[in-house]
Amino acid sequence: MIAEQTNNNLLAPWTKKLLPSPTAELEAKVARMQQEGSKVYRFGLGQPDFPTPAHAKQAAIDAIHNNFTGYTDTAGILSLRQAVVSSLQEQCGVQYEPDEIVVSIGGKHSLFNAINTLLQQDDEVLLPTPYWVSFPEQIKFAGGIPRFVETDASTGYKVTPEMLEQAISPASKLLILNQPNNPSGAVYTREELDGIAQFCIRHNLWVISDEVYSCFVFQEEGFTSIASLPGMKERTIIINAVSKSYSMTGWRIGYSASPAPVAAAMLKLQSHTTSNPASIAQVAALAALQGPQNGIQEMRETYLARREVLVAGVRQLRGLKCLMPDGAFYVWVDASEWLGKTLCGQTIDSMDKLAEVLLTEGNIAIMPGTGFGSGKHVRLSYAISMAEIEEGLIQMGKLLGYKQ
Ligand SMILES: Cc1ncc(COP(=O)(O)O)c(C=O)c1O
């Protein structure tokens, strides 16, 4: 009886506001095709195609044998929080205390804790477009309002202080900055971040800095965290995870670094929702952070080589344009020339349609830009082997054709 009434407002209002995750939907469709025996070129993937480091796996096995299987500190074991402190000091040059670190069930969970801790009903959040798919949904869940700040190729898909000034209102509370960016691969220079930091200080904004791809930066200058700039540590919540850096997406370990009162509030939320992340996964993450780091360098070099091939290949294809991304493992492709054209007898009226035709007619999986806030782009991942990239590009060429 009650189940039949679920359409009649028996569920919480957020259930009507939130969209399902488009990345998860695509992955499920591709998995079905593969199970049925089809070869799929998986440019849609959002996870590294490398194994988790052997020492991290061994640490987890040892943890099980040593019965390290009970509850832990809600914020994560102290040794892991200390390892996060060292890693942030080394990567970002920012000094934190262990009680400013909260370990959670992946970067996504850390973001959820942070957004729900900072926002009050109808607070506005400045969100540069393109954005990672979960940001707007998490903002809406928390009662906030995303204020999209559109970027395009002219600024390398990066926001400037001038663009932010135009978007800000008295209700603005928070800026979410994700760099290296998913989906565009954009990485900010220190100078660019300086301007944004001054804007945030001027308007007394919080900043969530999503740095889950910080290990994969190809620009010469390397990675700068906005938290490392003067006056920013006290207003920034850094989000990171072992998911991408150590190829540990399934282990579900992410973390935040924030001023102690914010960390304490996030901890309160976590203590009544999930408690600690899995004890075994925490030990594996500790081993990953403390063990040899050469795996990261190898992944970065591999991504770099693949990026060159994918970008060169995409630039030859009819109707596609892209910039050279500076980080992460995605290429953000402007496919707007295809809008209104016919492909395999079907009219391309949206990026979703383009993705559907490529998947059904060519077994090529790509992410339409729709979920990332663009009706003109698609995202191609290069977290697949060089052979798959090369074969997939040939396959795309057969469908799309080449530039004259
Ligand atoms: C920008 C960004 N932030 C956060 C996450 C979430 O990472 P995790 O798998 O650790 O939850 C992702 C995953 O794709 C991401 O792309």
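The values are calculated or read from the model by the stated rules, or taken from the named source; none is laboratory data. Quantities reported herein were computed from a predicted structural model and do not represent experimental measurements. Don't worry about glycine lacking a Cβ; one is built from the backbone with ideal geometry, like all the others, and counts go over all protein chains shown. These accessible areas exclude ligands, DNA and RNA; they are computed on the full protein's heavy atoms, side chains included. Shrake-Rupley method; radii C 1.70, N 1.55, O 1.52, S 1.80 Å.
Points to keep in mind about this one:
- Highest mean first, the peptides 63-75, 81-93, 129-141 sorted by other C-beta atoms within 10 Å per residue fall in the order 129-141, 81-93, 63-75.
- DSSP beta bridge pairing in region 55-290, given as percent antiparallel to the nearest 5: 30
- Once divided by 2.2 N^0.38 Å, the Cα radius of gyration of region 222-265 becomes 1.35.
- Lys/Arg +1, Asp/Glu -1 at C-beta; region 149-196 dipole; positive extreme among Ile176, Val159, Leu193: Ile176
- Rounded to the nearest 0.05, the FRET efficiency derived from the C-beta distance between Met324 and Gln293 at R0 = 22 Å is 0.30.
- Linear extension gain, Glu162 paired with Ile394, 0.36 nm per residue minus alpha-carbon span: 79.4 nm
- The lysines within cross-link reach of Lys341, meaning a Cα-to-Cα straight distance under 18 Å and a gap of 8 or more places when in the same chain, are Lys321, Lys353, Lys376, Lys398, Lys403.
- FRET efficiency, 1/(1 + (r/R0)^6) with R0 30 Å, evaluated for Ser350 and Lys17 via beta carbons: 0.85
- Share of carbon and sulfur in the accessible heavy-atom surface of the chain [1.4 Å probe, %]: 53
- Spacing of the two label points (7 Å from each Cα toward its C-beta) at Ile64 and Ala312, in nm: 4.4
- Using only the C-alpha atoms, the convex hull of the chain corresponds to 171 Å³ per residue.
- Scoring 316-323, 185-192 by mean Cβ neighbours within 10 Å over their residues and listing the highest first yields 185-192, 316-323.
- Accessible surface computed residue by residue for region 55-290, with neighbouring protein chains in place and a 1.4 Å probe, gives 38 Å² per residue.
- Extension gain, Glu97 to Asn204: 0.36 nm times the residue separation minus the Cα-Cα distance gives 36.2 nm.
- Cα gyration tensor of region 55-290 - equivalent ellipsoid semi-axes, whole Å, descending: 30, 19, 15
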